[in-house]
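The values are calculated or read from the model by the stated rules, or taken from the named source; none is laboratory data. Small disclaimer: the values here were computed from a predicted structure and weren't measured. Cβ: placed from backbone, ideal geometry, glycine included. Neighbour counts: every protein chain shown. Just so you know, the surface numbers come from the protein's heavy atoms only, side chains and all, with ligands and any DNA or RNA stripped out. Shrake-Rupley method; radii C 1.70, N 1.55, O 1.52, S 1.80 Å.
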Amino acid sequence: MTTQRLMQAISAKPAHTSPVDQLVALYRSEAFRQSVRVALAMVLAYAISLAMGWEKPHWAGLAVALCSLGSVGGSINKGLLRILGTALAGAVAIALLILFPQDRWTYLVVATLFVGYSAYMMGHSSRWYLWSIAGYVMALLALAGGPDGATTFETVVLRIQQTAMGVVVYSLVATLLWPRPAIEPLMQRVRGLVDVQRRLIAHDAAILMHTRSDVDAPALRMQATRGTAQLPADIDAAELDSFEVWETRRQWRRCVADLGALNEALERWRHGFPELGQLDLERLTPHLATLAAELDARLAEVSRMLGGEAPRRGPQEVAARLDEEALAAMTPFDRAALVCSQDQLHRIERLTRALFNTVADIRGFGEPTRQGHAERRSAAPWTLDPDRLTAAVRAFVAVWLVLLACIYIPSFPMPAGVIPVTAALVIQLAIVPQLSTGLLVAPALGGIVVAGVFSIFVMPPLSSFLGLGVAIFIAVFLLCYLFSKPSQDLARSLVLAQFVMIILVSNEQTYDFLYIANTAQMWLFGIGAVWISGWFPISFQPQQVVFKQLHRFLRSADRLMGAARGAPGHWPQRMALAFHKHELTTLPGKLDRWLAALPAVADGGVPREQVQALADSLHALSGRVRELLEVRGAAQSPAIVRELIADMRAWRLGIQEVLVALAADPDGVEAGRLRGRLDAKLQAMEARTENTLDGAARDDASTEELDNMYRMLGAYRGVSEALVSFASQARAIDWPRVREARF
Amino acid sequence: MNFIPSEFAIGDVYFPPLLIAAVLGVILAWLTAKQLNRYRLSRFFFYPPLVLLAFAVIYTVLIGTFVIPS
């Protein structure tokens, strides 16, 4: 199959190219080069380890197999995290041994709590690999130290030594052989993201100006979301192999924050479009076309600077010229929609300006900048994440299942292997909890079969390291080439890890079929324990998780809507508020992944388009509620508040009532009736607001207070519209079918 | 009648009959579950994971008794 792929790679070129050209193309392909790098580093790591007479050379091979990424910086970053994770795991393993030398159950409880904590920390930052390693290596080192732990310290030192050597060897090979600095993919990704946002702005402006746009906006939005999520890891990698990025790392992180904030601002701007549908925007906002052109030119210059060229122009001011006469003639809600849309547009303008300045600073084309426009994430108070907590509980349960099996089932195969394997799998699943456990079986067993054949049929006739080195080089090269696509990263890591663990190279080489069979059983038991922990005590079935997360999202929206305006109060109230804000902000993204994991129609599930529409409406609702929370803090005219407060309160309570009803049953609210209620409420509020503004209250209010009142009206209407849209999308889904019990 | 299945020899390597029966039993149970999901018959079971285990056990016993020669 690998030979077939190599042949396909050669024959895929146009017919007129000569075989030499085809070979040159193969030689220049990144898949070929990366496979050579990994294979060479693996052979060198084994050679050094065996020559030095160190025990367990496969630990060095494992470090090469799992830390070999496409770029030098990426590999060094992963390698450093692996070393740090191993050191942390070693420290914990030794500390536990010192603290609980005679208390078996206390020792096991604390050790498994650490595994659970590592699973919890996986979702903390882009440096999750450190926790992935710390969690399972702690179990491995504790068990490798023997029943009385007498050799734990030596084992810890050996593990760190072999891991560090593997990482250093791969880093050297990657630096010397066709080096590929991480700054290249970083620049490419940022430029791609800027280009996507430029096209999205043009598309959205075209919608408002009723002109044609052929852009596939949903695909671009998905690209923007994924690209923004990947950027922090790219910067982690690039700052390690590029002094240029290291020097400007703060500016790079600011640039990423601004890109994320720009993404969100664009989404919020778009969510307000339905309320602007009836308005003649060309007359009301004559500056819209000029501003769209300026934003386009600004982002084009950002892209140009990222390409290394000096900008031809700086950001230009575009005066917002609103037609005051036409504004005065508008209904309060139309004016509110316009004010909210203009606010988002101003935010987009400020963010693109900040992005321009930051990129100019990074590339040395402008003055040093102090801060970006996006809010700092670290400013938010700490909150508990229920989904990360469930991942921790799952890790704890899975490890306990195998622990109890190892303790109470006589001759349970390879206890010292099955516990770390289970811990490694379940901790890894903390970042992709929606992944079906069954998908792990094929790469795990496939790797064992390939390595088993190599170990039984290829290795025994070899009599020197030269032969072994060549054989390992060829096998690792073929495995890497076969799994060279980015989507095959997980499978490649699993297969390479299996290969290294099965061939178990050492100076006194032994061949044992029973070891291979037991390893296969060990993996199946590990995967089985992880599978059971996906059902019990907390279900990780997508149809169950989607309901729970929807419920939490709607309850948090309800709590935030009901939170008192003004100061958040004492510590418990502040924590509760921060928790609900965190839920409201993060759950739509999580639900995207879980909704995508629901069974397809062919497997008895619901149509994918309906699910996608529901996910979009959740993002809109989240954005609208957060917008309302921001607006609620703004200064309001006391006279206007006095007049409108009773109606606004009734409106808010109405929204909360609907949120509670939807949380109890997403299918329970009829969108048509909700729309009728909303229209009636809008008419009543419109009349009340016009009366208020016709009276003396208008004279008492400043321009800013008046604008804030319009913002508040717009935000309430936005939440209501988003709620109607969500109820209508939720109604379209066959929930009993989604909820059906499945295997 | 002897119901004890004999050992399995693949390339001179002897495998316990229960291992072969269990592997085939799990594969068949998984295939059955896929079909039950596809035709929406899984909704008639109270707790599908236990049913899957039960299927695996039933298939293993049946294969061990009637398919693997004694």
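Enumerate the pairs (first residue in the stretch A:195-219 and part of a loop (DSSP other than H, G, I, E, B); second residue anywhere and loosely packed, with under 14 Cβ neighbours inside 10 Å) with beta-carbon separation below 8 Å, excluding pairs fewer than 6 apart on the same chain, so at least 6 apart or on different chains. Between residues of the stretch A:195-219 that are part of a loop (DSSP other than H, G, I, E, B) and residues that are loosely packed, with under 14 Cβ neighbours inside 10 Å, the close pairs are A:M209/A:E282.
Scanning the stretch A:713-743 for residues that are within 14 Å of another protein chain (Cβ to nearest Cβ), in a helix (DSSP H, G or I) and open to solvent by 30 Å² or more (accessible area, probe 1.4 Å) returns A:P736, A:R737, A:R739. Taking the conditions (1) more than 27 Å from A:T86 (Cα to Cα); (2) at pLDDT 90 or above in turn, A:W178 satisfies each one other than (2).
Number of residues in the stretch A:301-349 that are acidic (D, E), part of a loop (DSSP other than H, G, I, E, B) and surrounded by 13 or more Cβ atoms within 10 Å (Cβ to Cβ) equals 1.
Can you tell me which residue in the stretch B:42-70 is nearest to the other protein chains (Cβ to nearest Cβ), limited to those that are surrounded by 14 or more Cβ atoms within 10 Å (Cβ to Cβ) and outside any helix (DSSP H, G or I)? Taking the candidates together, the pick is B:F45. Looking across A:P599, A:P666, one residue alone is in contact (Cβ under 8 Å) with a residue 40 or more places away in the chain, within 14 Å of chain B (Cβ to nearest Cβ) and either buried (at least 21 other Cβ atoms within 10 Å of the Cβ) or more than 22 Å from A:S725 (Cα to Cα) (or both). It is A:P599. Within the stretch A:391-414, the residues that satisfy the criterion of being out of contact with any Pro (no Cβ under 9 Å at 6 or more places or on another chain) and either at pLDDT below 95 or open to solvent by 50 Å² or more (accessible area, probe 1.4 Å) (or both) are A:F396, A:L401, A:L404, A:Y408, A:I409, A:P410, A:S411, A:F412, A:P413, A:M414. Within the stretch A:602-647, the set of residues being under 28 Å from A:V545 (Cα atoms), basic (K, R) and either open to solvent by 60 Å² or more (accessible area, probe 1.4 Å) or at pLDDT below 85 (or both) comprises just one member, A:R608. Residues that are aliphatic (A, V, I, L, M) and either within 14 Å of another protein chain (Cβ to nearest Cβ) or not in a helix (DSSP H, G or I) (or both) within the stretch A:602-622 comprise A:A602, A:V606, listed in sequence order. Selection within the stretch B:17-33: residues that are over 18 Å from A:L445 (Cβ atoms) and within 11 Å of chain A (Cβ to nearest Cβ). The member of this set that is modelled with the lowest pLDDT is B:A33. Inspect the stretch A:629-647 for any residue being free of Cβ contacts under 8 Å to residues at least 12 places away in the same chain and within 14 Å of chain B (Cβ to nearest Cβ) and give the result as yes or no. No, the stretch A:629-647 contains no residue that is free of Cβ contacts under 8 Å to residues at least 12 places away in the same chain and within 14 Å of chain B (Cβ to nearest Cβ).
When the helices (runs of 4 or more DSSP H) confined to the stretch A:436-535 are screened for residues that are charged (D, E, K, R) and away from chain B (no Cβ under 14 Å), those reaching at least 2 such residues are found at A:489-503.
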